Amino acid sequence: MHTFAYERPATLPEVVALLGRHGTDARLLAGGTDLIIRLRDGTLHPGVVIDLKRVAELCPAIREEDGRLAIGATTVMTDIAADPRVRRDFMALAEAAAVVGSVQIRNRATLGGNICNASPAADTAPPLLVYGAEVVAAGPGGSRRIPIADFFVRSGQTTLEPGELVTAIELPLPRRRMGAVHVRRSRRRGHDLASVTLCCGVDEAGWTRLAYGSVGPRPVLAVDESGMLADPDAPEAARAEILERLFTDASPSPRSMRASPAYRLAMLRTLGARALRTAIQRLAEE
Amino acid sequence: MRATGVGASIQRGGGYGRVTGQQQYVADIRLQDALQVKLVTLDCARARIIAIDTDAARQVPGVRLVVSAADLPQPVARFGPQFEDRPILAVGETKYHGEPVAAVAAETKDAAEEAARLVRIEYEELPAVFSLEAALDPAAPLVQDPALRPGDPLAGTNVLREHRVGWEEIEAARADLVVEHTYEFPMVTHFAIEPHAFMAAPDGDGIAVWSSIQHPNWLQKVLAKILGLPLSKIRVHAPDPGGGFGGKQHAKLEPLVALMALRAGQPVRLVLTLEETFQAVRRTAARVRVRTGFHRDGTFAFQDVAADYLLGAYADIADRVVSKGSYPACGPYRVPAARILARSVLSHTTPSTAFRGFGNPQVNWAVESNIDEGARALGIDPLELRLQNLARRGEAFIPFDTPADGQWEQTARRAARLIGWGTPLPPGRGRGIALGIKSGPTTGLSYSTVRLLADGSVIVYAGTSDMGQGARTIFAQIAAEELGAPLDWITVVMGDTAVVPYDQQTSASRSTVLMGNAVLRACREIQSQLRAMAARLHGMDASLIAVDRGVVRLPDRELSTLDVLKPGLGRLGGELIGNGEMRKDEEPGHPLGGSAAFFEFNCTAVEVEVDEGTGDVLLVRHVTVSDVGKAINPLQVRAQDEGAAIQGLGHTLMEHYIFDEAGRIRNLGAIDYRIPTSMDLPLELVSDAVENADGPGPYGAKGMSEGALLCVAPAVAAAVRDATGLVIRDLPLSPERVWRALRERDAAAAAVTGAVQPASVPVAAATGGAPSGR
Ligand SMILES: Cc1cc2nc3c(=O)[nH]c(=O)nc-3n(C[C@H](O)[C@H](O)[C@H](O)COP(=O)(O)OP(=O)(O)OC[C@H]3O[C@@H](n4cnc5c(N)ncnc54)[C@H](O)[C@@H]3O)c2cc1C
């Protein structure tokens, strides 16, 4: 591993100051499950690594406030998957958190790290898109909110400004009942990076929100407001056509060895159809 | 029998240390002042090395030594168990991606890694071959320098050797049905959890070497030759490996670290990363064409098997893998006429080596699958057809080899019963069954020394490597049984060539039989000393006394070992020492140099569910039954076969190397080379054994634990076929491959019926595991 300086700031302003001082030579460290791998294999060689785990304002927490569930950026997957409020209102996020890596990985991997790493395969991205999450970012200019749908650019690239970091991810508490599910495709049942991730939510107004990842440079959200998709009694052909339209933004890379584009696209449809059924079922069982 | 002796399911000795991290593997052993070694490699498979500049590397603080071929004793020594073709470091040319060109030794790992990056190598990439087609092309570049094979007519090709076995004229054989297909077996790697690790240190006027090696005595010979030292000056420490599976059988980087330690005058240490291990060892890939002739009643008319095995850049033991693995290609059956041709084909890829099953899984996948096709074509139940042709005990099914040494039909019927063969299945499910056979060791030599100490406790010396298969426990059980000592009073010493007597190797499931017999004989030698002792103590003729399983029988009473030992040894104490030797000599003229010490016989039967939406193959139930002669430790026997079954599921369902155009392994490492995890196990895994005490080992034991790997792929593929109608002749049966085959099947069906295929999955119909017609 290349040598680098290690900083462990205690407060948020210190983090912002350090980021300002070191610019692109700095890397933030949360759980390290993405970062350390890239430090070891030499694809990243920052001059300084800034550890977020001791920052007072970032201590991992899930709080309910102002009609939102706020998940601190350094909250780990294990805690998200087990949280009763997440499980009550955002089941698909709990499901996504529960399939990230293995037990050991989930005990380290943070929600902030998962979205900031911005892998197209990031498991939490589809449910965050379906639930309309907002990313809370802090930087030299103070704090701002970024809708999750505007956050991802491509692998490793987000719309965070230089010098900014994520402090929390907020989910608006549902005003309408919703049934949702997170599903994924992997090469084995044991832990694996997904070759398709997909979350489908159906709400009582009949809207279907479908988000999927790993089939293009960034995760995609597509919405059907017609109510047809969510209606099992609507004509089959019309439903199939709508579902097909929701997938138009998928453009899997031919270079990946995890799955061919043809397989990914087919699985998107298989998973989409299955997830839709489950979401409708869950809404009915609510 | 006692609860601790033979036949008892005792927990594995050392198991606790393994799972709690107490056991010291090579990488855990810290030698004072050890330098850390990092290898320098090129980013392509084959290249001409033009110049090596080590100046910058030498400037890195903490670097002590940088060596390339030019810095080694000239000419650079080559070594290998079959052909001495592998140089200590690449000489003039690299032949596979990952071949070491230079090595750095430094005070810290970081310094070694940094310096390794700074070694500047000027090179020219050369054309290379990574597949059978490319390697067999008459215009292909040669992998091996023809000068290494003077006088060999094949030296101008990439075929290292051809192996032919057969009997009777297949051309003359008449058959009602001939089934011919070609099957592919991918490149897979061992993935032992313990990293391959090597250390060396000057040791007086000799050298000490630590290695995760399976064959310490063989390594000792290799090092003695390269270093020009007598065997007695080479001490190989071989701590129990953490998984070997054949990948750790033969010398790899030990000669390099030994020379570096001597040059540096201090210990050096090299621990391979998982990525480097992928580049160091793998299983031989294969393409196998099988032509099977059947009579209408299901009996075999002939087998005609042509197997091309894809080796790597150096032969290692892989040509033996080819000859020995292809040799029983006709399986455990009565086959009136047979022709087997196997070729060892070199390529510019990771050298392939021994891997659990030793060349048999490749041919067994092909031959058993082909038999299944024949059975279906004839309308005969695949199990019945196999039973009908199965060699009966004592039958010389391979005319010039050991006759069938088990009641194999019992094993097959047990597996069939445990899977519920012939009972109705839910829709979407299918069953498959396969038989497999592997020839045990053809030669062997094991010595053991056993010391019965004054208090009745025992030390057993055995040169076997216990890499998780449980040899320590087996030898302790044998000694406990024979000498009447409690199990926890027995110490088994292994893995140090300065202390433990010679053992040829730990391979081919041999140790229970060969070393087990050596231990047994050493114990029996002690028994005869006890007998003489008892005769002396009780003033009677030794012929009146019998010693059996720890009991000394006088005409009028029974004594324990200690009753005789204590007074017999007297006030000075002392001990009884027994030596045992077990030898299986070469048989000149035999195609393999020797007949099988025993056969490993297995039957695997599985039930699968195929998800037609995704191509996932779910193992609902997996039954594996082996004929083991006698299970000295039934718990270990069951668990060994469970392990083999799961390892077999790896190459059956998910494992394979993926290469890029430059011959680099793309899925290098754990993220994209997937092996089964606990989540991927069959929902139910049943491992059972047939015991008729008819093996050549102690108490009738046979070798085991490779057998359960032989049949996994053909059994699973047959079950997938039963469930879906798909015939897939390539491994692994990955979800994507199965899905593709499903689409092709549906497209073909649509073409026949003229129906239009839906462009997408109907929203309502895509349920989990949607069943379809057969
Ligand atoms: C074996 C293994 C299996 C995995 N399996 C999965 C899987 O199944 N699904 C999945 O989605 N992921 C998986 N991952 C990836 C990884 O675990 C997740 O992406 C994880 O959530 C990353 O979080 P972290 O805290 O470890 O991030 P880190 O590695 O600490 O950081 C990741 C990146 O985000 C940046 N960063 C971190 N926190 C912040 C912040 N608050 N503000 C701004 N930037 C920040 C870092 O600088 C870095 O670039 C796996 C990883 C491993 C090693």
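Points to keep in mind about this one:
- A:Ala273 vs. criteria away from chain B (no Cβ under 12 Å) and among the hydrophobic types (A, V, I, L, M, F, W, C): no
- The residues listed here are A:Arg40, A:Arg88, A:Arg63; of these, the one that is over 24 Å from A:Cys200 (Cα atoms), modelled with pLDDT of 95 or more and surrounded by fewer than 19 Cβ atoms within 10 Å (Cβ to Cβ) is A:Arg63.
- From the options A:Gly216, A:Gly206, A:Gly227, residue that is more than 10 Å from every other protein chain (Cβ to nearest Cβ), assigned to a loop (DSSP other than H, G, I, E, B) and touching a Pro at 6+ places or on another chain (Cβ under 8 Å): A:Gly216
- Selection within region B:689-717 - among the acidic types (Asp, Glu) and either buried (at least 22 other Cβ atoms within 10 Å of the Cβ) or touching a Lys or Arg at 6+ places or on another chain (Cβ under 6 Å) (or both): B:Glu691, B:Glu706
- Residue match in region B:358-376 (condition: part of a loop (DSSP other than H, G, I, E, B), in contact with a Lys or Arg (Cβ under 7 Å, 6 or more places away or on another chain) and crowded, with 24+ Cβ neighbours inside 10 Å): yes
- Unmet requirement for A:Ile105, which otherwise passes all of (1) of a type in the set (A, V, I, L, M); (2) farther than 25 Å from A:Ala222 by Cα; (3) buried (at least 22 other Cβ atoms within 10 Å of the Cβ): (3)
- Single residue of region A:181-203 satisfying the filter (of a type in the set (D, E, K, R) and touching a residue at least 12 places away in the same chain (Cβ under 8 Å)) that is farthest from the other protein chains (Cβ to nearest Cβ): A:Asp203
- Region A:236-270, residues that are more than 9 Å from every other protein chain (Cβ to nearest Cβ), crowded, with 22+ Cβ neighbours inside 10 Å and among the basic types (Lys, Arg): A:Arg264
- B:Glu525 being more than 17 Å from B:His215 (Cα to Cα), outside the structural domain of B:Ser212 (by TED's automatic domain parsing) and either polar (S, T, N, Q) or touching a strand residue (DSSP E or B) at 6+ places or on another chain (Cβ under 8 Å) (or both): yes
- Scanning region A:21-65 for residues being in contact (Cβ under 8 Å) with a residue 24 or more places away in the chain, out of contact with any Ser or Thr (no Cβ under 9 Å at 6 or more places or on another chain) and in a helix (DSSP H, G or I) gives a total of 6.
- Under the condition of being surrounded by 17 or more Cβ atoms within 10 Å (Cβ to Cβ) and within 11 Å of chain A (Cβ to nearest Cβ), the residues counted in region B:660-681 number 9.
- Residue match in region B:679-701 (condition: within 19 Å of the chain's Cα centre (by Cα) and aliphatic (A, V, I, L, M)): no
- Scanning region A:48-60 for residues that are crowded, with 19+ Cβ neighbours inside 10 Å and either more than 11 Å from the ligand (Cβ to nearest atom) or modelled with pLDDT of 95 or more (or both) turns up A:Val49, A:Ile50, A:Leu52, A:Val55.
- Condition check for A:Arg187: among the basic types (Lys, Arg), closer than 26 Å to B:Arg674 by Cα and assigned to a loop (DSSP other than H, G, I, E, B): yes
- Considering B:Gly436, B:Gly374, B:Gly357, B:Gly440, the condition of being on the phi > 0 side of the Ramachandran plot and modelled with pLDDT of 95 or more is satisfied by B:Gly357 alone.
- Selection count where residues are in contact (Cβ under 8 Å) with a residue 40 or more places away in the chain and out of contact with any Phe, Trp or Tyr (no Cβ under 7 Å at 6 or more places or on another chain), scope region B:213-230: 7
- Filter result (within 14 Å of another protein chain (Cβ to nearest Cβ), within 12 Å of the ligand (Cβ to nearest atom) and of a type in the set (Ser, Thr, Tyr)) within region A:3-47: A:Thr33, A:Thr43
- Some residue of region B:503-512 being within 27 Å of the chain's Cα centre (by Cα) and of a type in the set (A, V, I, L, M): yes
- Selection of region B:38-60 for residues being among the basic types (Lys, Arg) and over 15 Å from B:Gln279 (Cβ atoms) yields B:Arg48, B:Arg58.
- Residues that are more than 26 Å from B:Gln220 (Cβ to Cβ) and at pLDDT below 95 occur in region B:488-503; there is at least one.
- Residue count for region A:167-182 under the criterion of being within 16 Å of the ligand (Cβ to nearest atom) and within 13 Å of the chain's Cα centre (by Cα): the result is 4.
- Residue match in region B:542-557 (condition: part of a helix (DSSP H, G or I), closer than 15 Å to B:Leu453 by Cα and modelled with pLDDT of 95 or more): no
The values are calculated or read from the model by the stated rules, or taken from the named source; none is laboratory data. No experiment lies behind these values; they were computed from the predicted model shown. A quick note on method: Cβ atoms are made from the backbone with ideal geometry, for glycine too, and the neighbour counts reach across all protein chains shown.
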